[in-house]
Structure formats: C-alpha cells, structure tokens
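Everything below concerns the one structure shown next.
The values are calculated or read from the model by the stated rules, or taken from the named source; none is laboratory data. None of the values given here were measured: they were computed from a predicted structure. Positions of Cβ are backbone-derived with ideal geometry, glycine not excepted, and every protein chain shown enters the neighbour counts.
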Amino acid sequence: MNQSLNEYIQLIEQSYSSDHVKKFADNHINNNQVLILQKSCQEILQMIPLQPFACALLSAMLVEYSRQKGIHSYLVAGTLDFKGKRLFNYDPIIEQKSIVENWDGHCWVIFNDAIAEISLFRTAYSEQSPIWLNDMITNTFGKQRGAIIASHPEMEQMGLSYTPRYIFNDLQISGLLNFVEQIISKTWNIPIDSTTSRIVCPVPGFPHADAILDI
C-alpha cells in the first residue's frame, strides 16, 4: 500500500472507525462505477450555479450521490499543488467550522484508488480567480472541462498533487448539504420538503443556512 493511501486510511480512522478503514481498503471502483460518477458530476455541476471556490459544497454533493449508489467515498480537505506550484493551502479551521468565509484550502473526494476533482475547473475559469491559475489550468487541460476522476498516479502524471490533511465526518457533510439544499431551492425555485429537508430539520451544530460561503 502506497504512502498516499496510508495517509487517507489514518484520517478515515480518526473521523470514522476501523470498519470504515477496512471498507475503504477493500473497495476499488470499477468502470461502471466511474461512468456513474461521471454522470453524477455532470448533474451536480448543472444543478449548482456557477460559483468559484465552492469545492466543499460540490465535493460534499458528490459524496452524497456516490454513497446513495453504493460507492464508498469520503470528503477530503488538504493542499493541492499543480506542476510544483501550490494552488491551495490548508487551514485547519475547517475542522471546527464546515462553512468558512475566504477559507484558503481545497476539498476533493476519495474512492480508495481514485480521486474525483469536481471544483478545480469551475474555480480556475472564473473571472474571480487569479489570471495565473486560469492560464495554468487552461493551457494544460483546455477550456470547458468539468471534472476529473482518475487514479492517484494518473493525477500525478497530469501534474496534480493532492495531500490529504483532514477527512470530514458525516455530521460535517450534512452541515454542508444543509447549505446546498438552500442554494438549490433558491436557484431553481423548488419548495423545500418539510419531511425530508436538512434545512427544516437541521443537523445539530450546523445552523449555517444563511451563511455566505467562499471555499
């Protein structure tokens, strides 16, 4: 087992349990699951309005989608380097607060042998992003990219180096999804179902329904 997976395993055990570690170590996504994840990424990006620095929200949604389809996944926070240049640092404040304004960090989704990157392109293409970030990503990947699902070695070959620092637990993920639900309700004018809503029945400790997120 490589060093990268060992880092994820240690973090999963801290936020979850040894049972989760075993499931994580034993489960590898197959080609059919990759297709499911690709479709999920497309649906999520269509559902959430264009907004840069929304890595936590988009990634939390992908975790929710994948788990509903029986695919083991975890929401990760950490640093991201691209071709040796640091794109995003890590601020441990995210470990105490799921929603932080102007958080200098990055989130992604891990599936044992693969990583899903659902927010980088949306951030890089935004007018609110630094020109150098737009240029670096566009020159390498082109325009109008949505998401990447690739193995750890494949990510490294593309120049993307992910260093995990924290795994969100289920309570924190639910807190993020509370906020996602409100965004979707307002964007698409969809009434909130009081019997199932995370907003109407919020998760304790995450009263962030009207927070301004810039992650």
Extreme residue, farthest from Pro191 (Cα to Cα), among residues of the range 159-181 that are surrounded by 15 or more Cβ atoms within 10 Å (Cβ to Cβ) and aliphatic (A, V, I, L, M): Leu160
Residues within the range 115-145 that are outside any helix (DSSP H, G or I) and within 22 Å of Gln46 (Cβ to Cβ), tallied: 13
Number of the exception - Ser18 against (1) surrounded by fewer than 20 Cβ atoms within 10 Å (Cβ to Cβ); (2) among the hydroxyl-bearing types (Ser, Thr, Tyr); (3) in contact (Cβ under 8 Å) with a residue 24 or more places away in the chain: (3)
Matching option when the condition is at pLDDT 95 or above, out of contact with any Lys or Arg (no Cβ under 7 Å at 6 or more places or on another chain) and within 22 Å of Gly159 (Cα to Cα), among Tyr8, Tyr74: Tyr8
Some residue of the range 38-61 being surrounded by 17 or more Cβ atoms within 10 Å (Cβ to Cβ) and of a type in the set (Asp, Glu): no
Test result for Ile93, modelled with pLDDT under 90, surrounded by fewer than 21 Cβ atoms within 10 Å (Cβ to Cβ) and hydrophobic (A, V, I, L, M, F, W, C): yes
Within the range 62-73, considering residues that are touching a helix residue (DSSP H, G or I) at 6+ places or on another chain (Cβ under 8 Å) and surrounded by fewer than 24 Cβ atoms within 10 Å (Cβ to Cβ), the one farthest from Gln42 (Cα to Cα): His72
Residue ID - farthest from the chain's Cα centre (by Cα), chosen from residues in the range 152-190 that are in a strand (DSSP E or B) and within 20 Å of Gln10 (Cβ to Cβ): Ser161
